[in-house]
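Visitor: Quick one: structure below, then a few questions.
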Amino acid sequence: MCLTRETVIERLKEVYDPELGVNVVDLGLIYRMDIKNGHIFIEMTLTTPGCPLHDTIVNGVKAALSSLPSVESVEVDVVWDPPWTPEKISPEGREWLGF
């Protein structure tokens, strides 16, 4: 199986923020991804720096991506700049949240 950006995005859509019930892609938490030779690097943020579910979400991203065929490693870097805002939520996420 060829590891593509689309494959990674689809898998990331299976990782949900437990408090909001929306996946990390539609929440706009994924800022960057690099895929090279079975290695995936994700730069992401959370809805707030004090997010009590930081580890749960980051570990969920790592586990979801690590389970893809041909993935050798997953690195997740949580950044706070630019800060997350509700404007980053996709139309699908807004609909789910009732915006």
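Visitor: Report yes if some residue within region 51-62 is in contact (Cβ under 8 Å) with a residue 24 or more places away in the chain, closer than 17 Å to Ile89 by Cα and in a strand (DSSP E or B); otherwise report no.
Guide: Within region 51-62 (the criterion being in contact (Cβ under 8 Å) with a residue 24 or more places away in the chain, closer than 17 Å to Ile89 by Cα and in a strand (DSSP E or B)), the answer is no, since none of the residues qualifies.
Visitor: Now, a different point. Which condition number in (1) surrounded by 13 or more Cβ atoms within 10 Å (Cβ to Cβ); (2) basic (Lys, Arg); (3) under 12 Å from the mean Cα position of the chain (by Cα) is the one that Arg32 fails?
Guide: The one condition Arg32 does not meet is (1).
Visitor: Here's another thing I want to ask about it. List the number of the failed condition for Glu92; all other conditions in (1) charged (D, E, K, R); (2) modelled with pLDDT of 95 or more; (3) outside any strand (DSSP E or B) hold.
Guide: (2)
Visitor: For region 35-50, enumerate the residues that are surrounded by 16 or more Cβ atoms within 10 Å (Cβ to Cβ), in a strand (DSSP E or B) and either of a type in the set (S, T, N, Q) or out of contact with any strand residue (DSSP E or B) (no Cβ under 6 Å at 6 or more places or on another chain) (or both).
Guide: Listed by number, the list holds a single entry, Ile35.
Visitor: Hey, among the residues in region 1-38 that are in contact with a helix residue (DSSP H, G or I) (Cβ under 6 Å, 6 or more places away or on another chain) and touching a residue at least 60 places away in the same chain (Cβ under 8 Å), which one's nearest to Val74 (Cα to Cα)?
Guide: Val25
Visitor: Out of everything in region 19-35 that is modelled with pLDDT under 95 and not hydrophobic (A, V, I, L, M, F, W, C), what residue ends up being nearest to Leu68 (Cα to Cα)?
Guide: Going through the qualifying residues, I end up with Gly21.
The values are calculated or read from the model by the stated rules, or taken from the named source; none is laboratory data. These numbers come from a predicted model, not from an experiment. All Cβ positions, glycine included, derive from the backbone under ideal geometry; neighbour counts span all protein chains shown.
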